[in-house]
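The values are calculated or read from the model by the stated rules, or taken from the named source; none is laboratory data. Predicted model only: the values in this text are computed from it and were never measured. Reconstructed Cβ throughout: ideal geometry from the backbone, glycine too, with neighbour counts over all protein chains shown.
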Amino acid sequence: MSSSSRKLLCLALLVFAAAMVLSACGSSSGSSSSSSSTTAEESEAGGESTPAAETETEAEGEEAGGEEAGGGEDYSALLKEATEVTPSKYEGPTEPAPAKPGTKIAAISCAQTLQGCKEIAEGIEEAGEAAGVTVKVFDGQGETTTQNKQILNAISWGAEAIILEAIDPTTVQTGLAAAQKAGIVVGGAVNGTNSPNKTRKPPAGDVWTSFDVGVDYKLAGEYEASWIIADSEGKANTVVYGTKEFPALPPQTEGVMETLEACEGCTTDGPIYFLSSSLATNFGEEVVGYLRTHPEVEYIFCPYDPAAPAMVTAIETAGLGEKVKLVSLLGNEQNLEFIRNEEVQAADGSYDELYVGWAVVDQALRVLDGQKPFEPQGENIPFQLVDKNNLPPEGQAYKAPFEFRPEFEKLWK
């Protein structure tokens, strides 16, 4: 995210918070557990300006009545800000990073069964071909033991650079120690360990990545929560689900929670943490069980797109699809179709995963060339909160709204 967009979002949130305090739109207890939801009757009782508005002309009544109308305008502005693409044009590196023909780059995918990891790997392969270097993808299969073995396999293959895709460096120290001993450059993708995220210091003695390419995950969470607030007009009752398996996602959850809890009229529960291993077993049933015991909940936050189908299927099967709206992160094709078809999911924090693959290759080439990584290390991946009003064309995952490939290619020649 550009700094200007960060400032605009923060300003919008401050304006929104101020509007909430003045308009008395919700519960006096603020946002906490699901036991303090605000009723429609309480909101109407707080509308002290309504009788006065009835004595004005129609136009004056709309202006004086006010607090509700003005709030609507604030929500519209907040929604507009939350759904704009940032950046709107290529803002990646411009300094050359010549590619040496024959260079070998290995991508250690977190799990090729997950679309996000698979698509980033495809981006790395695509970029490698454009740069004239050799790329090989090693499937980590979602298991740290396998991921360590695949790093060792990549070393045996002759990799000069190894990329960890959504793999926490702390969990693959056996492989990374061997890579360090072999003098191999190691980078990361979507781990959230470096700019534009807060730089994460490695535990003492751990081998670490030279760079990490990702979006600003906490800011992404703020955008997602802002959409929920705007869509509910400041009355959202939300359950937040989270995971600690992928290192980039806790900051996103933090951004979601902080923003929702700053909404005076909103009610928030969670985060409720889950493991990816439960997605194919009882996860959907657990979500439905929660919704049945908390019928006041209207919004569900899901930390990443591959977890959403289990929620959507179970919720639809239980006949609760009309009662809740789900928001998630990545921009996968299936999730965008959920939004298009109004199947539970209503919004998605989206970024171009192919762009991530190209940016990872660019950073690897820079380090191999003796350069410092480009800052921010995410190389300004385009991000956009997508809902039914700004969906990309049917049948595709979210893509950057501008052409970036030629910009990278000319840096590598």
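Quick notes on this structure:
- Close contacts from region 302-322, counting a first residue that is of a type in the set (Asp, Glu) and a second that is part of a helix (DSSP H, G or I), with Cβ to Cβ under 6 Å and a gap of 6+ residues or different chains, come to Asp305/Asn335.
- Strands (runs of 3 or more DSSP E) wholly inside region 106-222 containing at least 3 residues that are at pLDDT below 95 and either more than 28 Å from Gly242 (Cβ to Cβ) or within 23 Å of the chain's Cα centre (by Cα) (or both): none
- Count of region 104-134 residues, restricted to those that are closer than 13 Å to Trp157 by Cβ and surrounded by 24 or more Cβ atoms within 10 Å (Cβ to Cβ), is 4.
- Residue pairs meeting the criteria (Cβ under 7 Å; at least 6 apart or on separate chains; first touching a residue at least 12 places away in the same chain (Cβ under 8 Å) and surrounded by fewer than 21 Cβ atoms within 10 Å (Cβ to Cβ), in region 258-278; second charged (D, E, K, R) and not in a helix (DSSP H, G or I)): Tyr273/Lys244; Leu275/Glu245; Ser276/Glu245
- Test result for Asn237, assigned by TED's automatic domain parsing to the domain that holds Ile167 and either over 17 Å from the mean Cα position of the chain (by Cα) or not aliphatic (A, V, I, L, M) (or both): no
- Taking (1) within 30 Å of Tyr90 (Cα to Cα); (2) crowded, with 24+ Cβ neighbours inside 10 Å; (3) of a type outside the set (Gly, Ala, Ser) in turn, Glu333 satisfies each apart from (2).
- Scanning region 84-125 for residues that are of a type in the set (D, E, K, R) and within 26 Å of Pro303 (Cβ to Cβ) yields Glu84, Lys118, Glu119, Glu122.
- When residues of region 73-96 are limited to those that are touching a residue at least 60 places away in the same chain (Cβ under 8 Å) and in a helix (DSSP H, G or I), the one surrounded by the most Cβ atoms within 10 Å (Cβ to Cβ): Ala82
- Residue tally, condition surrounded by fewer than 21 Cβ atoms within 10 Å (Cβ to Cβ) and among the aromatic types (Phe, Trp, Tyr), over region 355-411: 1
- Pairs meeting the criteria (first residue in region 144-158 and hydroxyl-bearing (Ser, Thr, Tyr), second residue assigned to a helix (DSSP H, G or I), beta carbons under 9 Å, at least 6 apart or on different chains) are Thr144/Thr171.
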